[in-house]
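Here the structure is laid out as C-alpha cells; the discussion comes afterwards.
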Amino acid sequence: MTPLTVNGTTHQLDVAPDTPLLWVLREHLGLTGTKFGCGMALCGACTVHVDGEAVRSCSAPLSSVAGRKIVTIEGLAALAGRDLHPVQQAWIEEDVVQCGYCHSGQIMSAAALLAKVPKPTDADIDAAMSGNICRCGTYQRIRAGIHRAAALAAK
Amino acid sequence: MASFHSIAGFHLVTGAVVIVGSAAAMISGCAADASRTTSSESAAERARSQAAFVEIAAVLRHPRCINCHTVTDFPRQGDAGRRHAQFVLRGPDNHGVPAMRCNSCHQDSNQENGVPGAPHWALAPLSMSWEGLDDNQLAEALKDESKNGGRSLESLLDHMAHDPLVLWGWNPGGTREPVPVPHETFVRRLEEWMATGAVSPEPSP
C-alpha cells in the first residue's frame with residue numbers, strides 16, 4: 001500500500017508504483033479535474049502541485065510522489081483558505097476561459113508561479129506559463145488573469 | 001731502478017684509476033642514458049595522457065552530456081542539440097523557474113511515455129559549460145576546482161564513474177542515442193589520463 005496525501009486527505013493506495021499520478025488521481029481517487037492532454041509532459045493540462053511545485057502528473061509515477069503533498073485543482077481554493085483561489089477568481093473576472101480543457105493545468109501553473117513570485121512581470125509569466133498550451137489561444141487572457149490574480153492575492 | 005713493488009703499485013694505482021675512471025664513465029654514461037630514457041618516457045607518458053583525454057572529450061561532447069552542459073540560459077534536446085521546447089529556462093539555480101522547474105516534468109527515472117529522467121535532473125552550472133571549448137580548454141576546465149564544483153581528480157573520477165545522472169547518458173531511454181563509448185571504457189580512459197598526469201592536450205593554434 002502506498003500512502004498519498006491529496007488535498008489534505010491521506011489515502012492508502014493499492015496501485016502499481018509505476019502508475020502515473022494522473023491516473024491515480026482520475027481513476028483511483030475520482031478526481032477528474034486534472035486532465036489528460038498528451039500524456040508526455042508536453043501540454044501541461046495535467047499539472048498538479050507536489051510539495052508546492054508544479055508537476056506534470058502524466059509523467060510522475062506514483063512511486064515518485066508517495067508520501068508527498070499533492071494538491072489538485074479541486075483543492076486549490078482550500079489551499080488559499082478562500083472560496084476561490086485568487087487565480088480562479090481572476091479567471092472569472094477576466095473571462096479567461098474558452099473551451100476550458102487546458103485551464104485546470106493553466107490555473108495550477110499560475111498558482112504555483114504566484115506562490116513564488118507574487119508580482120510577476122510579463123517575462124516571469126512567459127517563463128512560467130510557456131509549457132501550458134491552449135488550443136483556443138487564450139494566452140492574452142491568461143496573462144491578464146495572472147496580473148489580476150496577483151492584485152487580488154495582495155488584498 | 002723502480003722496484004717491483006713500486007712498479008706494481010704504479011700499475012695498481014693506474015689500474016685503479018682506470019677502473020675508477022671507467023666506472024665514472026659508466027656511471028655518467030648510465031646517467032646520461034637514464035636522463036635520456038626518463039625524458040623520452042616522460043614525453044611518451046605525456047602523449048599517452050593527452051591521447052586519453054581526446055577520447056574522454058568525445059564523450060563529454062556527446063549530446064547526452066553536452067545538452068545539459070550548455071553555455072546558454074536554456075538546456076538543449078535531441079542529437080541535434082536544438083533548444084529545449086516549451087521555452088524551458090535555466091533559472092537562477094540551474095533547476096528551472098517557478099512553475100517550470102526541471103522536475104516539473106523530469107523525475108528520477110526514464111518514463112514509459114518517453115520523458116527522460118534521472119536523480120537530481122538539472123542543468124550543470126555555467127562554470128561547467130563545455131560548449132565551444134577545444135580539447136585543451138575542456139581539460140583545463142575539468143581540472144579547475146574553482147569551476148568543477150570543487151572536485152579533486154579523484155572525486156571527479158568518482159562522479160563520472162558512479163553519479164546516476166552521468167550514468168543516464170548510457171541509458172537515456174526512448175529513442176535517444178546512448179553515449180557510444182562504453183562507460184567502462186570511458187572510466188578506464190579517465191583513470192589512464194589521471195594516472196599519467198592528467199595532461200591537457202596542446203592549445204589550438
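Around residue B:151, under 12 Å between beta carbons, what's the net of Lys plus Arg minus Asp minus Glu among the other residues?
Combined, the nearby Lys, Arg, Asp and Glu give -3.
Using unit Cβ charges (K, R positive; D, E negative) and no other charged atoms, how large, in debye to the nearest 20, is the dipole of chain A about its Cα centre?
The dipole of chain A has a size of about 180 debye.
In debye, nearest 20: dipole of region A:2-76 around its Cα centre with unit charges on the Cβ of K, R (+) and D, E (-)?
140 debye
Evaluate the charge dipole of region B:47-195 about its Cα centre and quote only its size in Debye, nearest 20, assuming +1 on the Cβ of each Lys and Arg and -1 on the Cβ of each Asp and Glu.
400 debye
Net charge near residue B:50: determine it from the other residues with C-beta under 14 Å of the C-beta of residue B:50, scoring Lys and Arg +1 and Asp and Glu -1.
-3
List A:40, B:100, A:1, B:194 from most exposed to least, where exposure is judged by having the fewest other Cβ atoms within 10 Å.
A:1, A:40, B:194, B:100
Rounded to whole Å, give me the distance from the Cα center of region B:61-76 to that of region A:97-129.
Result: 27 Å between the Cα centres.
Need one number: the % of Cα-Cα pairs in the protein assembly as shown sitting beyond the 29 Å mark.
Percentage above 29 Å: 55.
Expressed as a rounded percentage, what relative contact order does chain A have, with Cα pairs under 8 Å and six or more residues apart?
Reported relative contact order: 24 percent.
Taking a point 7 angstrom from the Cα of residue B:143 along the C-beta vector, which residues in region B:166-205 have backbone N less than 19 Å away?
B:187-205
Can you sort A:122, B:79 so the residue with the fewest Cβ neighbours within 10 Å comes first?
Going from sparsest to densest Cβ surroundings: A:122, B:79.
At what distance in nm do the modelled label points of residue B:73 and residue B:48 sit from each other, each positioned 7 Å from its Cα along Cα→Cβ?
4.8 nm
What residues qualify as long-range amide H neighbours of residue A:5, i.e. H under 5 Å apart, gap of 5 or more or another chain, H built at 1.01 Å from N?
Here the answer is A:11, A:67, A:68, A:70, since their amide H atoms fall under 5 Å of that of residue A:5.
Considering every residue in B:90-101, what mean count of other chain Cβ atoms within 10 Å of its Cβ is obtained?
Shielding by partners across B:90-101 averages 6.
Determine the shape class of region A:77-154: with a ≥ b ≥ c the square roots of the Cα gyration tensor eigenvalues, call it rounded for a/c under 1.5, and otherwise prolate if a/b is greater than b/c, oblate otherwise.
The shape class here is oblate.
Quick one: net charge of residue A:22's neighbours, Cβ under 12 Å, K/R +1, D/E -1?
Overall, the nearby charge balance is +2.
In this model, which of A:119/A:155; A:69/A:119; A:69/A:155; A:35/A:69 are farther than 21 Å apart at the alpha-carbon?
Beyond 21 Å between Cα atoms: A:69/A:119; A:69/A:155.
Be a star and scan region B:77-115 for residues whose amide nitrogen sits under 13 Å from the point 7 Å along the Cα-to-Cβ vector of residue A:16.
Correct set: B:112-113.
Please report, ordered by residue number, every helix of chain A (full DSSP H runs) that is 18 Å or longer along its axis going by C-alpha atoms and whose mean Kyte-Doolittle hydropathy reaches 0.5.
A:103-116
Take A:155, A:35, A:116 and order them by how many other Cβ atoms sit within 10 Å, fewest up front.
A:155, A:116, A:35
Laboratory data are not the source of any read-out in this text; all were calculated from the coordinates shown. Predicted model only: the values in this text are computed from it and were never measured. Heads up, the Cβs are rebuilt from the backbone with ideal geometry, glycines too, and the neighbour counts pull from every protein chain shown.
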